[in-house]
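Presented below is the structure to which this report refers.
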Amino acid sequence: MRNRTFAPSRILIYLIVSLIAAAWLAPLAVVVLNSLRTNEEIAQGSMIGWPQHLAWSNYAAAWSGFCVAETCAGIRPYMLNSALVTIPATIFSTLLGAIAGYAVSLWRFRGDSWIYGIVTLGIFLPQQMRLLPWTIVLRDTGLMNTLTGLVVIHTIQGLSFTTLFCRNYYVAIPQELIRAARIDGAGFFRIFWRIILPLSPPILVVTVIWQFTHIWNEFLYGVTFTTGQQQPVTAALIALSAAVADIPQHGVQSAAVMIAALPTLLIYLIGGKYFVRGLTAGAVK
Amino acid sequence: MVRRLPEYLTIWVPLLLSAAHLIAFTLWTIWISFTPSTLVPISGWVGLRNYSAVAASRNWQIALDNLLLFGSAFVLLSLATGLILAILLDQRIRGENVLRSIFLYPLAVSFVVTGTVWSWLLNPGLGIQKLVHDLGWTSFRFDWLIDRDMAIWTIVIAAIWQSSGFAMALFLAGLRSVDADLIKAAQIDGAGPIRMYRRVILPTLWPITVTVIVIQLQFAISTFDLVRALTNGGPGIATQLPALVVYDLMFQRSLLGRGAAAAVLMLLLLLAVLLPYAGWRYVQRRRAIHA
């Protein structure tokens, strides 16, 4: 390329891209800056501004101080709830999805393509169609308003995605490999353990990141099936902004938003490549 | 047989649980939509009465109007933004990875967080309008959040910010897989960059475009969290959307039958998008096999 750095058209391209990138970063920057400004400072000006001095105390207050609906323990219990739902549900749905994906792609059994087809329909079925049945099932099993209930829901529903991801990855494994192992006398579990699992790290990382992000960020089930102290952090954030509507505490609220968004943002920063692979894998089947 | 029982159980239990809950829950919700259930599900048959009640309600009509406006504006604008970003990033620019990460990071954040943050930025007393006023331009107005006619556009803005990166990622993958010979042949024919995009490259992207449209429409139809956090359906019911109507009927007004009917209507909206797409995919695949 000649004059690569000086051609006016290239300068224009960089200018446009940088402007859009700045716009995309602005909301994050605003929250980060606000989380370090005092409530009074924000109240005097706008939510867009530079901190006069860094108010780290916002984070302490957001984590364990402020009150949501008459309990003053900050965002900590809700973060813990989210973790206690997200981590087990991610592990279960990924593991079961890997086994199911392996079964339908390589083990093959009668009716496998039918049941696989139905399972993947779960990707499209709106949550609203499942709200009432889950309500009834949770009530009758005594799991209403429990974290276990949410783990069960996210595990079963997550199977649609995890099975799809793993199946699409495993179909590339040559069938002969499985056949040879079976002739040698290896069974379903041994083949999974010895052959499939060692080949799986790339797809398992994609699946884990996908599931973690989605379950952590989920809101509708959290707000419908849990109340008060049992709610995940997404539901608690909404409750918080309703609770402080009279006397806004935007500094502390910004810190709470940052804390709530941090786990998935960190995972994105570390495993962005795999996150994007999950996005496109879900789209191009 | 008994020895292989653990194997059968491991294969079938998760798959059956998943498939059975999908079928059973769908039928269950459809059944409730034909019953006179209010506070609790009860048996009985009211025919299409729940459907006509939902369809006749102002809430639902506004939700549908909003969905039409929000859906088309959001899909078109995020498509355009994604395509422009993809083309710009495809110009062998420096820092492509960093830029791509910047455009995609909103997808890692929950809609609750996105909605909350944008509700601050767009709040005229707190956000952009306040900033511009403080800077001295006091007649500046940007108060869509509290303007009944414009409030739906705040959701469009936040949704574009959140998911244009997704369109960009898919388009970029498409641009990168355009046949190099095709480009070379066009270059030999003396095609300039604009002609090249219009005549050679963009036409190869249309299958991706269809996929992006369908996925974004699917997102638009089931939008809930974002509105809940950004406007909560307000001011008044100006930013009502179908998913909010469903929630309102089921859990705030305890009209389970009507709530179920609204959920089924949502499913039908979704099918109106997905079925033609599935058919199109089927034909495409057929052609690919026979070609």
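Applying a 4.7 Å Cβ-Cβ cutoff to chain A leaves A:C166 as cysteine residues with no disulfide-compatible partner. Highest GNM mean-square fluctuation, chain A, Cα pairs closer than 10 Å: which of A:G272, A:G74, A:G45? Among A:G272, A:G74, A:G45, the largest mean-square fluctuation in the Gaussian network model of chain A belongs to A:G45. The residue among B:V264, B:H133, B:Y247 whose Cα reaches farthest toward the positive pole of the charge dipole of the range B:57-290, with charges on the beta-carbon of Lys, Arg, Asp and Glu, is B:V264.
Label the range B:41-172 by shape, choosing from rounded, prolate and oblate, from the square roots a ≥ b ≥ c of the eigenvalues of the Cα gyration tensor; if a/c is under 1.5 it is rounded, and otherwise prolate applies when a/b is larger than b/c, oblate when it is not. Judged from the Cα gyration tensor, the range B:41-172 comes out oblate (a/c at least 1.5, b/c at or above a/b).
Sort chain B into rounded, prolate or oblate with this rule: let a ≥ b ≥ c be the square roots of the eigenvalues of the Cα gyration tensor; rounded if a/c is under 1.5, and if a/c is not under 1.5, prolate when a/b is larger than b/c, oblate otherwise. Intermediate values should be presented prior to the final figure.
On the way: a/c = 2.07, a/b = 1.17, b/c = 1.76.
Here chain B falls in the oblate category.
For the range B:92-183, trypsin sites (Lys or Arg not before Pro) meeting the loop criterion (DSSP other than H, G, I, E, B) and having at most 15 other Cβ atoms within 10 Å: B:R92, B:R94, B:R141, B:R148.
Using the Cβ-Cβ distance between A:I173 and B:R199 with R0 set to 51 Å, the FRET efficiency works out to roughly 0.80. Contact order, relative form, for chain B: 29 percent (alpha carbon pairs under 8 Å, 6 or more residues apart, mean separation divided by residue count). Highest mobility in the GNM of chain B, judged by mean-square fluctuation with C-alpha springs under 10 Å and restricted to B:T211, B:T114, B:T231, is found for B:T211. Rounded to the nearest 0.05, the FRET efficiency derived from the C-beta distance between A:R139 and B:W45 at R0 = 30 Å is 0.80. Legend: mean number of C-beta atoms from other chains within 10 angstrom of residue C-beta atoms, peptide A:217-229, equals 3.
Return the calculated 222 nm mean residue ellipticity for chain B, to the nearest 500 deg cm²/dmol, obtained by summing -39500 (n - 2.57) across DSSP H runs with n ≥ 4 and dividing by the residue count.
One gets -22000 deg cm²/dmol as the mean residue ellipticity at 222 nm.
Estimated from helical segments only, the mean residue ellipticity of chain A at 222 nm is -22500 deg cm²/dmol, where each DSSP H run of four or more residues counts as -39500 (n - 2.57). For the peptides B:162-168, A:123-129, B:204-210, residues were scored by their other Cβ atoms within 10 Å and the scores averaged per peptide; the highest-first order is B:162-168, A:123-129, B:204-210.
Rounded, prolate or oblate, given the Cα gyration tensor of the range A:155-218, with a/c below 1.5 counting as rounded? It is prolate, given that a/c is not under 1.5 and a/b is the larger ratio. If I build a Gaussian network model for chain A, linking alpha-carbon pairs within less than 10 angstrom, which residue out of A:L15, A:L240, A:L121 has the largest mean-square fluctuation? Looking only at A:L15, A:L240, A:L121, the biggest GNM fluctuation is shown by A:L15. Mean separation of Cα pairs under 8 Å and 6 or more residues apart, divided by the residue count, gives chain A a relative contact order of 30 percent. For chain A, complete DSSP H runs whose alpha carbons reach 27 Å or more along their own long axis and whose mean Kyte-Doolittle score is -0.5 or higher are A:8-34, A:76-102, A:147-170, A:250-283. The mean count of C-beta atoms from other chains within 10 Å of the C-beta of residues in A:20-33, rounded to a whole number, is 5. Two tests apply to each whole DSSP H helix in chain B, Cα reach of 20 Å or more along its axis and mean Kyte-Doolittle hydropathy of at least -1.0, and the ones passing both are B:5-33, B:58-89, B:151-176, B:206-221, B:256-290.
Rule-based calculations on the coordinates, nothing more; no lab input. These numbers were taken from a predicted model, which means no experiment stands behind them. No Cβ is skipped: glycine too gets one built from the backbone with ideal geometry, and neighbour counts run over all protein chains shown.
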